[in-house]
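The values are calculated or read from the model by the stated rules, or taken from the named source; none is laboratory data. Everything numeric in this text was worked out from a predicted model, so none of it was measured. No Cβ is skipped: glycine too gets one built from the backbone with ideal geometry, and neighbour counts run over all protein chains shown. Please note that ligands, DNA and RNA were not included when accessible areas were found on the heavy atoms of the full protein model with its side chains. Shrake-Rupley method; radii C 1.70, N 1.55, O 1.52, S 1.80 Å.
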Amino acid sequence: MGNALCAEFRATNTGSEPYACTEGFHPYFRVGELDACTVTGSDGTKYFWKGEIEKGDQRRWTGDFPCRLLGLGKPGYVFEEGPRRHLLKDPVFGRTLDVTYENNIKFVLFGWTPDFSALGGSDDPAFGRHFVCLEGGTLYRDRAYLLRPGETHRLAVNIAAR
């Protein structure tokens, strides 16, 4: 991808018994204004609002995702999708962040929550108007993968700014 940040997570079962594993990257991106941003790449995929996870109520997303839907302190949106390329378009900063995951099963979009200060951020909701997270992973127990002894699973993310 040229000038990009590439990170990976590898899980290896060094034991003698199989075990179920989940993982995820949580990259928070600073944006000019949350309400002005959009994310492309999830068109046509099944999703649910994290606040409705128990209901199992899935819908199909259409078009770009307007980040204003994330709100402040609300649960995120969980997309049932594997590796994809997403573009975080930020007209206030005049940039597009190109985020591509490898070997993920789910993709989650969320913004600031009251516990953000525990992650090194601010507990002031106004601070949250300037952050969005594009998380990819093998999240939630229903999508855990089984690692047999000696097996390795790799999750990777590539991020570039344009």
Query raised in the report: Any idea which residue in the stretch 14-32 is modelled with the highest pLDDT, counting only those that are within 16 Å of the chain's Cα centre (by Cα) and not in a strand (DSSP E or B)?
Result: 31
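Residue by residue, here is whether (1) modelled with pLDDT under 75; (2) more than 23 Å from residue 129 (Cβ to Cβ); (3) part of a strand (DSSP E or B) holds:
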| position | (1), (2), (3) |
| --- | --- |
| 51 | yes, no, no |
| 54 | yes, yes, no |
| 57 | yes, yes, no |
| 68 | no, no, no |
| 78 | no, no, yes |
| 87 | no, no, yes |
| 96 | no, no, yes |
| 99 | no, no, yes |
Query raised in the report: If you take the residues in the stretch 33-49 that are open to solvent by less than 20 Å² (accessible area, probe 1.4 Å) and within 18 Å of residue 127 (Cα to Cα), which one is modelled with the lowest pLDDT?
Result: 34
Report task. Please work out which residue is surrounded by the most Cβ atoms within 10 Å (Cβ to Cβ), limiting yourself to the stretch 121-150 and to residues that are touching a helix residue (DSSP H, G or I) at 6+ places or on another chain (Cβ under 6 Å) and at pLDDT 70 or above. Result -> 132
